[in-house]
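The structure under discussion appears below in the form of C-alpha cells.
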Amino acid sequence: MTGSFWTRLRPAVWALVTGISFLLSSSAPSLAQDSAGTDAAVVEAVAPAADESIAPAPHLEGTIDTGSTTWLLVSAALVCFMMPGLALFYGGMVRAKNVLNMFMCVMVCVPIVTIQWIACGYSLAFAVPSAITMDAGRNDDGSNKPPLSYLGWDPSLVFFKGFSEADPGSSSYYGKIVTSGDTTGAAPTGVPELLFAMFQMMFAIITPALIVGAIAERVKFSAWCLFVVLWATLVYDPVAHWVWNVNGWLFQKGVLDFAGGTVVHVLAGTSALALILILPKRLGYPKGPFLPHSIGWTLIGAGCLMVGWFGFNSGSAIAVGKDFLPVSGAVAVMAFATTAIAGGAATGSWMVAEWLHAGKPTAIGVASGMVAGLVVITPCAGHVSPGGALVIGLLGGVVCFLGVQLKQVLKYDDSLDVVGVHGVGGALGAILVGYFVIRPDVSGMAQVMLQFTGVAAAGIYGFVVTMVLGLIIHKTIGFTVSEHAEEEGLDVTEHGETAYRLS
C-alpha cells in the first residue's frame with residue numbers, strides 16, 4: 001500500500017522540484033543585479049568622499065604580513081606545547097615516587113619565567129638601546145656601525161610598557177612591527193614585535209626546564225624555583241643578547257645560531273654540568289636500581305617534543321635578514337625540512353649505535369636519539385641544505401650516544417642525560433653549521449672557528465655563573481633534599497601527593 005502511494009507521488013514531486021529550479025535559475029541574474037545596484041547606491045549615499053589628505057592607519061595599509069604573523073602565532077604555541085612534552089619525556093624516566101616532582105619542576109618554569117620575562121627579561125635580551133656597549137664606529141662601506149653590546153636595557157620594555165597603547169601612531173602601539181635581523185639597514189618583517197617577544201618568551205621558559213633533568217630525583221623544589229629566576233636573569237638573558245640581538249657582540253662577529261644551539265642547548269648542558277659537579281649524587285648511585293617507571297610516557301613526550309620543535313626551528317625564521325623575507329617563506333620551509341630530516345636520521349643512527357654496543361635496541365634509545373637529532377639541527381635549521389641535515393643528524397645520533405656513555409666512565413650523576421644530549425648535541429650542531437652552512441655564504445674553517453668561539457664563550461660563561469649560583473643556594477637554603485626525603489620520594493615529601501593510587 002505504502003509502496004504504491006510513493007510510486008504514484010514520485011512524478012509529481014519531480015515535476016515540482018524541476019519547476020522551482022527553473023524559476024530560480026532564470027531569475028538569479030536579475031536579482032543579483034538589483035542587489036548590486038541597491039548596495040552601490042546605499043554605499044554612495046552613506047559613505048563620505050575619501051579624503052586623500054588623511055593617511056590610513058598603519059594596520060590598514062597592509063604593513064602586517066598576515067601569513068608570517070599567523071605562522072609565528074602557531075610556532076609560539078608549538079614551542080609552548082613542548083613544555084608538557086618535556087614533562088612527559090623526563091617524567092617517564094624517573095622512578096614512580098618522583099614523577100610529580102619532575103612534572104612540577106618542568107612546569108613551574110612557565111609562571112616564573114613568564115613574570116621575569118615581562119618584568120625585565122625581554123629588555124635585557126632584546127633591547128637595542130643597550131646598557132653595556134663599546135666599539136662604535138663605521139663599517140668598511142662607510143655606513144654607521146652600531147656599538148657592540150653585552151647587555152640590553154630599555155625602560156619602555158619593562159613590564160611591556162612599550163606595547164600598551166591602542167593608537168597606531170604611538171611609539172608604544174601594541175601592533176608596531178619588529179624589524180629584520182640586520183645590524184644595519186633593517187627592514188620591517190610584517191610581524192608585530194609583541195608577538196616576537198611572546199615567541200622568544202617560550203624559548204626562555206623551556207631552557208631552564210631542560211637543566212632540571214640533570215639533577216632529577218634529588219632537587220629541593222623551593223631551591224629550584226629560586227634558581228630558575230636567578231639563572232634566567234643572569235645567564236640566559238645576557239647570552240641571548242650576545243647571540244640574537246642585532247647589536248650583540250657575538251651576533252655582530254658573525255656567529256650563527258638559527259634557533260638556539262648555543263643559547264638554549266649549550267647553556268643548558270654546561271649549566272647542568274656545573275650543578276652535577278657541586279651537588280650530591282643520588283643515594284646509591286651508580287649501583288642502585290634507577291629504572292624508568294614509564295618508558296611509554298618518555299616516547300610520547302619525545303613525539304610531542306618533535307611536533308613542537310617544528311615551531312621552535314621554523315618559527316625562528318623571524319630573525320632572518322631583509323634579503324630572506326618573508327618570515328614564513330623559503331627559509332622557514334628549509335628549517336622545517338631540515339628539522340624533520342635530522343630528527344629522523346639521528347633516531348636511526350642512535351638506535352644502530354646502541355644495537356651494536358648493547359646487543360639490543362631500546363625504546364629509551366629511540367626517544368633519546370630523536371631528541372638528540374633535534375638538538376643538533378637546532379642551530380643549523382635555516383642555514384643548511386637537506387643533504388647537510390641528513391649528515392648532521394646521522395653524526396648527531398652517534399656522537400650524542402657516545403656523549404651519554406661518558407657518565408659511565410667519569411662517574412658523574414647526570415640523571416636524565418642532559419649533558420650528553422643537550423650539551424654535546426648543542427655544541428656539535430653549533431660547530432657543524434659553520435661547515436655546512438649555505439645561507440649566508442660564509443662556510444669554511446674560518447666560520448667553524450668563529451662558531452667554536454661562540455660555543456666556548458657561552459659555555460664557559462654559563463658554567464661559571466651557574467656554579468656560583470648553585471653554590472650560593474646550596475650553602476644557604478640547600479639545593480637538594482635530605483636523605484630521608486629522597487628515600488621516601490619527592491612526590492610525597494615536596495608536594496604531599498602521589499602520582500598513582502592503586503587502591
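All of the numbers you see were taken from the coordinates with simple rules; none came from a lab. Every value quoted in this text rests on a predicted model; they were computed, and no experiment measured them. Don't worry about glycine lacking a Cβ; one is built from the backbone with ideal geometry, like all the others, and counts go over all protein chains shown.
Please order Met93, Met449, Met107 by the number of other Cβ within 10 Å, starting at the fewest.
Met449, Met107, Met93
Give me Thr493, Thr498, Thr347, Thr339 sorted ascending by neighbouring Cβ count inside 10 Å, so fewest comes first.
The most exposed by this proxy come first: Thr498, Thr493, Thr347, Thr339.
So what J values fall out for region 303-313 if you push phi through Karplus, 6.51 cos²θ - 1.76 cosθ + 1.60 with θ = phi - 60°, rounded to Hz, Gly and Pro as x?
After applying 6.51 cos²θ - 1.76 cosθ + 1.60, I find x, 4, 4, 5, 4, x, 5, 5, x, 4, 8 Hz.
Report the convex hull volume per residue for the chain, counting only C-alpha atoms, in Å³.
Each residue corresponds to 268 Å³ of Cα convex hull volume.
Pulled fully out, how much extra length does the chain show between Thr184 and Phe452, if you take 0.36 nm times their separation in residues and subtract their Cα-Cα distance?
That works out to 94.0 nm of additional length.
Among the DSSP beta bridges whose two residues both lie in the chain, what percent are antiparallel, rounded to the nearest 5?
85
Rounded to whole Hz and in sequence order, give me ³J(HN,Hα) for region 224-239 from the Karplus expression 6.51 cos²θ - 1.76 cosθ + 1.60, θ = phi - 60°, writing x for Gly and Pro.
5, 4, 5, 4, 4, 5, 5, 5, 4, 7, 9, 10, 5, 4, x, 5
Lysine pairs in the chain 8 or more apart or on different chains: how many have alpha carbons under 16 angstrom apart?
Summing the qualifying lysine pairs gives 9.
How many angstrom lie between the C-alpha centres of region 158-180 and region 60-92?
21
Per 0.36 nm of contour for each residue apart, how much would the distance between Thr63 and Leu471 grow if the chain were fully extended, relative to their Cα-Cα spacing?
This chain segment gains 141.9 nm when fully extended.
Could you list which residues have their amide H under 5 Å from that of Val384, counting only those 5 or more apart in sequence or on another chain, with H placed in the peptide plane?
For Val384, whose amide H was placed from the backbone, the distant partners under 5 Å are Ile438.
Would you kindly derive the ³J(HN,Hα) couplings of region 75-90 from the backbone phi angles with the Karplus curve 6.51 cos²θ - 1.76 cosθ + 1.60 (θ = phi - 60°), listing them in order in whole Hz, with x for Gly and Pro?
For region 75-90, the Karplus curve yields 4, 4, 5, 5, 5, 4, 5, 5, 5, x, x, 5, 4, 5, 4, 6 Hz.
Charges at C-beta only: +1 for Lys and Arg, -1 for Asp and Glu. How large is the resulting dipole of the chain about its Cα centre, in Debye rounded to 20?
So the magnitude is around 1600 debye.
Tell me the net charge near Leu273. Cut-off is 13 Å between Cβ atoms, Leu273 excluded, with +1 for each Lys or Arg and -1 for each Asp or Glu.
-2
Mind checking the full-extension length gain between His484 and Lys287? Use 0.36 nm per residue of separation minus the Cα-Cα distance, one decimal, nm.
Stretched out fully, the His484 to Lys287 stretch lengthens by 69.1 nm.
With the dipole of region 214-330 worked out from charges on the C-beta (+1 for Lys and Arg, -1 for Asp and Glu) around the Cα centre, which of Phe324, Ser314, Pro280 lies farthest toward the positive end?
Pro280
What dipole magnitude, in Debye to the nearest 20, does region 427-503 give about its Cα centre under +1 on Lys/Arg Cβ and -1 on Asp/Glu Cβ?
Charge dipole of region 427-503: 560 debye, to the nearest 20.
For region 120-274, build the charge dipole from Cβ charges (+1 Lys, Arg; -1 Asp, Glu) around the Cα centre, then report which of Phe159, Gly185, Phe196 sits farthest towards its positive end.
In region 120-274, that residue is Phe159.
Please sort 82-90, 63-71, 206-214, 325-333 by packing, taking for each peptide the average over its residues of neighbouring beta carbons within 10 angstrom, highest first.
206-214, 82-90, 325-333, 63-71
At what distance in angstrom do the alpha carbon centres of region 458-482 and region 237-307 lie from each other?
Result: 16 Å between the Cα centres.
Tell me which residues come under 5 Å, amide H to amide H, from Tyr173 once H is placed; ignore anything under 5 positions away on its chain.
When sequence neighbours closer than 5 places are left aside, the close amide H contacts are Glu165.
What is the set of long-range amide H partners of Tyr285 at a cut-off below 5 Å, with H atoms built 1.01 Å from backbone N?
Answer set, sorted by chain and number: none.
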